[in-house]
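Heads up, the thing below is written out as C-alpha cells.
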Amino acid sequence: MADVAQLKKVCTQVRRDIVRMVHAVNSGHPGGSLGCTEYFVALYFDVLKHQPRNWNMNGAGEDLFFLSNGHISPVYYSALARSGYFDAKEMASFRKLNSRLQGHPTTHEGLEGVRIASGSLGQGMSVAIGAAVTKKLNKDNSIVYSLHGDGELQEGQIWEAAMYAAGKKIDNYIATVDFNGQQIDGSTEQVLPLGSLKAKFEAFGWEVLENNAGNDIEKVLEYLNKAKTLLGKGKPVMILMKTEMGHGVDFMMGSHKWHGVAPNDEQLAKALAQNEETLGDY
Amino acid sequence: METKTMKKYTYTEKKDTRSGFGAGLSELGKKNENVVALCADLTGSLKMDAFQKEHPDRFFQIGIAEANMMGIAAGMTIGGKIPFTGTFANFSTGRVYDQIRQSIAYSGKNVKICASHAGLTLGEDGATHQILEDLGLMKMLPHMVVINPCDFNQTKAATIAIADHHGPVYLRFGRPNVPNFTPADQQFEIGKGILLYEGTDVTIVATGHLTWKAIEAAEALAEKGIRAEVINIHTIKPLDNELILKSVKKTGCIVSAEEHQMNGGLGDSVAQLLSRHYPTPQEFVAVNDSFGESGTPDELMKKYGLDTPNIIEAAVKVMGRKK
C-alpha cells in the first residue's frame, strides 16, 4: 500500500522544483507540469516497477514510461531526479547551455530515465506501442505507460496509433490523457473541440476509465491500479484524467495563460509559500 | 584500342532492386532473430512476403499509417529489436519526416528505413509517387546513413549489412528490372565506393539505377578514346571522400549521375566535398528542379535527361571545362 501522506509531501517538493526550474531560466511550461504532478508522483514513487539507480535504455523486466507531451518536462525531470535517476542538483541546469535537461526531453544527452525524444506532439503513443510489442516478443510481462496532452489529441498520428493498439490487441499498455481542457491558444473547446474522448476511444476498441480527480493522489493511484487489472484482456487501456492546469499554485490554476510562461520573483515566492519544502530544494 | 583492354561488365539477368531487398531481409531473418519487419500495406510491392511467411511472429502489418509505423519502429528498438520498415520512398521520407527526425534520428534509434519505388522509374503512377527529394531529406538528418544500391545483388548485400550498423539507416531502392552485375559474393561496406573502371580523363560517380548507365557510358566513351573512371557510390552518407578525391586528382573533372533532384542529391554532396578540398569542374546528371510524370521508366529517364547519352554528353562537356 502506498504511503499517501508521504506521496503528498513529494508532490509539494515536485511543485517547488517545477516553479524554481522555470523561474531560473524564465522559460518552460509550468501549467501542465503542475497539473500532472500527482500522476508523475504516483507513477514514479509507487506504481512503476523500475530501477532508477540502475537505468538502461532497454529496461528489460521493468515497466516503461513515455512522455508524449514533452513540453511538461519540468515535472518529468523532477520525478526522475527525486526518484533517484539522477542527482536533484542537475535540475539547476534545466534549459541551459550544455545541459542534459533540454527544454523538451531527449535521449541525445544520455539523461537517465528518458527513452525517446518528445516535444513535437502526437508521436509518443506509437513509440509506446512499439515498446509494448517488443515486451511481448521478449516475453517480458512488464507494463508500458504513456502520457498525452488533451490538445495533443488533435494530431492525426494519435488516432493511427489508437486504431493500431486496439486492432492489434496491445494489452500490456496503459495510456493516460492529461485532460485539463487547455491548450496554448485557449480552451480546447475554443481551439478545436475534442468531442467525447470516452466515446472516441471506446469506438476504437479501448478500455476507457475516467478519473475526474487527477489532482487527488489517492484517485490517481486508484485509477492506475484499476487500469492494471484490465491488462492482458486483449485491449489497451486509456485513463482520461481530469486535471487542473497550474494546480497547487493558486494564481496559475485553471488558466491556459500559464502554459508556457515562467513566474517572476514575486510570483515565485508566492508559489513556494504554497508548497512545502519536504525533500530539500536542489 | 581502349575497349580491348577494358574489363567488360556482364549480367545474366535483369532484376529489380526491391527483390534484392526482399531476398536480403529473408536471409537476415534467418540469421538474426532480433530483426523485425514492419510494413504499411505494401508487403507484395516491397517483396517482404518471404520474411512474412518465414517469420509471422516478427512481421508487423501496420496498415496505411506510415507515421505510426515510424513511431512503432522507434519504440521497438527499446528492448533490442532491429526494425526494418517498408513502404514506398515517398511515404518513407517526406510523409513522415518529423517522425523520423524526432523519434528515430534525434533519439538515435536503430531503425532501418527501407524505401522502394524511388525516383522516376516508378513509372506510370506519376509524380505523386515518384519522389526525387528523398536522398536530400534523409542526408540532412544528423548521423543518418543514406544508401542507394545499384542492382539486385548489391541491394541484397546492403540489406544484410545494415543490420550490423547500430543507428538509423535509409535504404533506397526501386521497382524496374535493371542489369544485375554486382558479384553475388561482393561484400557490402557502408561508406566505401566501388571502383568499376579505372580511367584518367574524367571521373563518373553514379548511384542506384544510374550505375549501369555509367558503365554503358564509359564503354561508349572508350570507343572515342576517352578513359573514364567509374565509381559506384552506393552510400551517399557517409560519402567515400577519399576515393572521390583520389580520382579527381587524377582526372581533373567529374560527372555525378543519379535518379534524384540535383538539389540535395549525390552530386550536391560531391560538389560540397570538392569545393572544400579540391575544386574541380563538375557536371550533374540529375533532375533539374522538376516533378516527374506518368510514362514508362525508359521514356521518363530519357525525357528527364537521366540516360546513358546524357552521361556521355556530360563527360565530354566537363572535360572541356578542365583548366
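What the table shows:
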| quantity | calculated |
| --- | --- |
| Test: A:SER33 is within 9 Å of the chain's Cα centre (by Cα) and closer than 18 Å to A:VAL249 by Cβ | yes |
| B:ARG58 being over 15 Å from A:SER126 (Cα atoms) and either modelled with pLDDT under 95 or within 14 Å of another protein chain (Cβ to nearest Cβ) (or both) | yes |
| Enumerated helices (runs of 4 or more DSSP H) restricted to the range A:1-77, each holding at least 1 residues that are free of Cβ contacts under 8 Å to residues at least 24 places away in the same chain and farther than 30 Å from B:MET76 by Cα | A:4-25 |
| Residue within the range B:256-268 that is assigned by TED's automatic domain parsing to the domain that holds B:LEU195, within 23 Å of B:THR182 (Cα to Cα), among the hydrophobic types (A, V, I, L, M, F, W, C) and part of a strand (DSSP E or B) present | yes |
| Test set (1) within 24 Å of B:GLY79 (Cβ to Cβ); (2) more than 9 Å from chain B (Cβ to nearest Cβ); (3) part of a loop (DSSP other than H, G, I, E, B); (4) open to solvent by less than 10 Å² (accessible area, probe 1.4 Å) - A:LEU101 fails condition number | (1) |
| Sole exception among (1) hydroxyl-bearing (Ser, Thr, Tyr); (2) more than 20 Å from A:LEU221 (Cα to Cα); (3) more than 14 Å from chain B (Cβ to nearest Cβ) for A:SER68, by number | (3) |
| Where a residue in the range A:95-112 is at positive phi and its partner, wherever it lies, is modelled with pLDDT of 95 or more and β-branched (Val, Ile, Thr), with Cβ under 8 Å and at least six apart | A:ARG95/A:VAL25 |
| Complete set of residues in the range B:28-53 that are open to solvent by 10 Å² or more (accessible area, probe 1.4 Å) and farther than 20 Å from B:ILE64 by Cα | B:LYS30, B:LYS31, B:ASN32, B:GLU33, B:ASN34, B:ALA50, B:LYS53 |
| Filter result for the condition that a residue is free of Cβ contacts under 8 Å to residues at least 60 places away in the same chain, assigned to a helix (DSSP H, G or I) and either over 15 Å from A:VAL237 (Cα atoms) or within 8 Å of chain B (Cβ to nearest Cβ) (or both), over A:LYS89, A:LYS136 | A:LYS136 |
| Condition met for A:GLY119 (within 10 Å of another protein chain (Cβ to nearest Cβ), under 19 Å from A:ASP150 (Cα atoms), modelled with pLDDT of 95 or more and surrounded by 24 or more Cβ atoms within 10 Å (Cβ to Cβ)) | no |
| Selection from the range A:139-163 of residues that are open to solvent by 10 Å² or more (accessible area, probe 1.4 Å) and either within 13 Å of chain B (Cβ to nearest Cβ) or assigned to a loop (DSSP other than H, G, I, E, B) (or both) | A:LYS139, A:ASP140, A:ASN141, A:ILE143, A:GLU155, A:GLY156, A:GLN157, A:TRP159, A:GLU160, A:MET163 |
| Options B:LEU135, B:LEU122: the member that is closer than 23 Å to B:ASP240 by Cβ, touching a Lys or Arg at 6+ places or on another chain (Cβ under 8 Å) and not hydroxyl-bearing (Ser, Thr, Tyr) | B:LEU135 |
| Criterion violated by A:GLY84 - all others in (1) over 22 Å from A:TYR39 (Cβ atoms); (2) surrounded by fewer than 19 Cβ atoms within 10 Å (Cβ to Cβ); (3) in contact with a helix residue (DSSP H, G or I) (Cβ under 6 Å, 6 or more places away or on another chain) satisfied | (1) |
| Test: residue in the range B:190-209 that is free of Cβ contacts under 8 Å to residues at least 12 places away in the same chain and either farther than 18 Å from B:TYR11 by Cα or not assigned by TED's automatic domain parsing to the domain that holds B:VAL35 (or both) | no |
| Members of the range B:76-116 that are open to solvent by 10 Å² or more (accessible area, probe 1.4 Å) and away from every other protein chain (no Cβ under 14 Å) | B:PHE88, B:ASN90, B:GLY94 |
| Residue within the range B:157-179 that is on the phi < 0 side of the Ramachandran plot, part of a strand (DSSP E or B) and surrounded by fewer than 22 Cβ atoms within 10 Å (Cβ to Cβ) present | yes |
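Yes/no matrix, rows are residues, columns are (1) among the charged types (D, E, K, R); (2) open to solvent by less than 70 Å² (accessible area, probe 1.4 Å); (3) closer than 23 Å to A:PRO30 by Cβ; (4) touching a residue at least 12 places away in the same chain (Cβ under 8 Å):
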residue: A:ASN211; (1), (2), (3), (4): no, yes, yes, yes
residue: A:VAL220; (1), (2), (3), (4): no, yes, yes, yes
residue: A:LEU224; (1), (2), (3), (4): no, yes, no, yes
residue: A:ALA227; (1), (2), (3), (4): no, yes, no, yes
residue: A:LEU231; (1), (2), (3), (4): no, yes, no, yes
residue: A:LYS235; (1), (2), (3), (4): yes, no, no, yes
residue: A:HIS247; (1), (2), (3), (4): no, yes, yes, yes
residue: A:PHE251; (1), (2), (3), (4): no, yes, yes, yes
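The values are calculated or read from the model by the stated rules, or taken from the named source; none is laboratory data. Keep in mind it's a predicted model, so treat the numbers as computed, not measured. Note that we place each Cβ from the backbone using ideal geometry, even for glycine, and neighbour counts take in every protein chain shown. Only protein heavy atoms, including side chains, enter the accessible area calculation; ligands, DNA and RNA are left aside. Shrake-Rupley method; radii C 1.70, N 1.55, O 1.52, S 1.80 Å.
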